[in-house]
Amino acid sequence: MSTIKIDPLTRIEGHLRIDTRVEDGRVVEAWSRGEMFRGFEALLVGRDPLDAPVITQRICGVCPVSHAVASCKAVEAALGLVTPANGDYLRNLVLGANYLQSHILHFYQLSALDFVNVEDLLGYSGSDPVLRELKAWAGSEVASNRVLPVAPFLPKLPGDYPSNTQWNLGALAHYVEALEIRQEAHRMAALFGGKMPHTATLIPGGVTCGVDVEAVENFRMRLRRVKRFIENVYLPDVIAAAGLFPAYAGIGRGVPNYLSYGVFDESGSTWLPAGILIEGRFEPLDTARISETTATSYYDQSGSLHPTRGEIRPHPEKAGAYSWLKGPRYNGLACEVGPLARILVAVAAGSKPIGGAVDDLLKESGLTADALQSTLGRHACRALEALLVAQRMEEWLNLLQPGAPSVAVYASREQGKGEGLTEAPRGALGHWISIDGGRIERYQCIVPSTWNFSPRGEQGEPGPVEVALLDTPVNPAYNGLEMARVVRSFDPCIACAVH
Ligand code: NFE
């Protein structure tokens with residue numbers, strides 16, 4: 001028996017520590033620990049509700065648009081504001097652009113290096129376009145050198161990487177190309193969001209920028225480039241990874257419960273549907289069943305509470321606690337959220353286009369439907385979702401109506417309560433607001449990475465990542481690389497999770 005501690009787990013956002021107990025070369029117990037307190041919910045109390053989307057976007061620079069959308073929806077519900085159709089589609093476009101940059105960031109900049117043997121490329125020389133591109137990126141100092149500049153990617157953990165120069169070289173070149181593509185996605189979001197990463201135009205009631213025809217065409221042109229990258233590079237790279245690392249289709253299966261709030265508003269419903277899958281059974285979402293426990297979190301709280309009653313009482317010395325994340329539960333169950341959950345819920349809800357796209361993905365990747373619940377399945381669903389979102393964004397562009405309003409007239413109220421649900425790139429995101437005397441009386445967020453990285457709950461039941469790590473094979477020479485691959489497949493953002 002041995003213990004392996006990864007602290008901090010790097011190439012993620014925020015401060016995450018993973019502790020594991022290993023027996024006979026397999027993980028038998030795991031603890032996911034969020035290592036930071038922030039307190040955004042506390043600092044909102046007493047403020048004007050209009051401040052909420054501005055402040056909550058600052059929870060994170062990776063998914064600020066999702067926080068803006070959830071917060072606007074919560075305030076709209078509390079104040080009785082109705083967003084015009086243009087406002088919904090503009091939000092979808094800004095949020096969609098944020099999904100694309102976030103999914104691409106996750107695969108290339110954060111995860112891919114776990115699957116690439118950079119050392120294999122030391123001393124590599126040749127005249128491929130890849131080499132030229134990497135040299136141009138690395139700067140003039142090495143531009144005249146005929147050897148590939150791999151130094152920024154070293155040192156790295158030893159591991160079971162394939163000796164496949166084409167794969168290693170391609171992934172490295174795509175790492176660089178992905179930086180530019182993400183810039184395009186940021187520019188798209190800024191066209192209607194005013195700026196990025198924190199938008200200026202998303203307010204309760206809609207989007208203040210209106211529909212400018214020139215901006216629409218500018219957006220469309222950039223979207224085409226990003227979509228081409230997803231079709232020709234991102235998705236094929238993920239499918240290639242599935243072929244090179246087949247074991248990871250059987251590693252990293254988490255809890256059997258998947259939750260989605262639904263996202264991208266279209267005429268009163270959402271394009272990706274809301275719902276919950278519990279051990280394969282689909283149920284409509286009932287948010288009254290959501291609660292947060294602090295059984296093993298550094299907080300005092302009077303029981304497991306619905307977010308309309310959530311409390312913020314930090315207790316860093318609390319006996320038995322090991323994380324600054326609370327533990328979200330649905331009917332007492334830990335649930336996985338994110339692209340895999342959204343895709344599984346959409347298929348279970350009967351979406352034919354998404355079901356068809358999943359069938360194609362399974363054919364091309366060689367994965368079975370069951371194997372989607374795995375490390376590789378999370379990557380594959382994220383890449384597939386990026387393509388589906390990019391395709392749908394073209395339709396939202398066509399639905400914009402120049403000259404029609406994009407924002408409702410704002411009117412405050414002395415009292416009100418609101419629930420704002422959306423899906424961030426990493427999964428289900430909810431904001432809950434209560435207003436009294438025209439000011440925020442209580443504000444609670446339940447964030448995707450809080451669901452996925454939840455610590456143990458009331459009955460000692462582990463959170464989704466703690467379950468996904470179980471049975472992971474561990475080679476002591478690899479310094480925890482196998483575990484890091486499982487954890488990163490969830491796309492952790494602990495800055496968001498602790499908010
Ligand atoms: Ni900080 Fe976020 C997303 C939200 S996190 S990245 O996506 O909400 O879990």
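As a test of the formula, what do you get for the chain when each DSSP H run with n ≥ 4 contributes -39,500 (n - 2.57) and the sum is divided by the residue count, at 222 nm and rounded to the nearest 500 deg cm²/dmol?
Value at 222 nm, helices only: -11500 deg cm²/dmol.
Write down the percent of antiparallel bridges among all DSSP beta bridges whose residues are both part of the chain, to the nearest 5.
95
Give a residue-ordered list of calculated ³J(HN,Hα) values for the stretch 411-426 (Karplus: 6.51 cos²θ - 1.76 cosθ + 1.60, θ = phi - 60°; whole Hz; x for Gly, Pro).
Running phi through 6.51 cos²θ - 1.76 cosθ + 1.60 with θ = phi - 60° gives 9, 7, 9, 5, 10, x, 9, x, 10, x, 10, 8, 10, 7, x, 8 Hz.
Restricting to Cα pairs below 8 Å that are 6+ residues apart, what does the relative contact order work out to for the chain? Please round to a whole percent.
27
What is the sum of charges around HIS431, taking Lys and Arg as +1, Asp and Glu as -1, for the other residues whose C-beta is under 9 Å from the C-beta of HIS431?
Net charge in that neighbourhood comes out at 0.
Quick one: order LYS363, LYS195, LYS326 from most to least accessible surface, probe 1.4 Å.
Descending accessible area places them as LYS363, LYS195, LYS326.
In debye, nearest 20: dipole of the chain around its Cα centre with unit charges on the Cβ of K, R (+) and D, E (-)?
Dipole about the Cα centre, nearest 20: 540 debye.
If you roll a 1.4 Å probe over the stretch 422-483 with all protein chains in place, what percent of the accessible area is carbon or sulfur?
The nonpolar share, carbon plus sulfur, comes to 45 percent.
Amide H neighbours of ILE203 under 5 Å, counting only residues 5+ apart in sequence or on other chains, H built in-plane at 1.01 Å?
THR208
Return one whole number: the accessible area per residue of the chain in Å², for a 1.4 Å probe.
For the chain, the per-residue accessible area is 37 Å².
Place a +1 charge on the Cβ of each Lys and Arg in the stretch 287-388 and a -1 charge on the Cβ of each Asp and Glu, then give the dipole magnitude about the Cα centre in debye, rounded to the nearest 20.
240
Going by a ≥ b ≥ c, the root eigenvalues of the Cα gyration tensor, does the chain fall in the rounded group (a/c under 1.5), the prolate group (a/b larger than b/c) or the oblate group?
oblate
So what's the Cα pair-distance distribution over the stretch 300-377, bin width 5 Å, in %?
Result, from short to long distances: 3, 11, 17, 17, 11, 9, 10, 10, 7, 5, 0 percent.
Number of Lys-Lys pairs in the chain under 20 Å by Cα, sequence gap 8 or more or different chains? Please list the in-between numbers first.
Working: LYS5/LYS156; LYS73/LYS417; LYS318/LYS326; LYS352/LYS363.
Qualifying lysine pairs in the chain: 4.
If contacts are Cα pairs under 8 angstrom and at least 6 residues apart, what is the relative contact order of the stretch 254-322 in percent?
So the answer I get is 21 percent.
With a/c under 1.5 counting as rounded, go ahead and sort the stretch 191-304 into rounded, prolate or oblate using the C-alpha gyration tensor (a ≥ b ≥ c being the square roots of the eigenvalues; past the cut-off, prolate if a/b is larger than b/c, else oblate).
The shape class here is oblate.
For a test of the definition: using alpha carbon positions, the gyration tensor, and the 1.5 limit on a/c, classify the stretch 341-494 as rounded, prolate or oblate.
In terms of gyration-tensor shape, oblate.
The values are calculated or read from the model by the stated rules, or taken from the named source; none is laboratory data. None of these values were measured; they are calculated from a predicted model. Every residue, glycine as well, gets a Cβ built from its backbone with ideal geometry; the counts of neighbours run over all protein chains shown. Side chains are part of the model used for accessible areas, which takes the heavy atoms of the whole protein and leaves out ligands, DNA and RNA. Shrake-Rupley method; radii C 1.70, N 1.55, O 1.52, S 1.80 Å.
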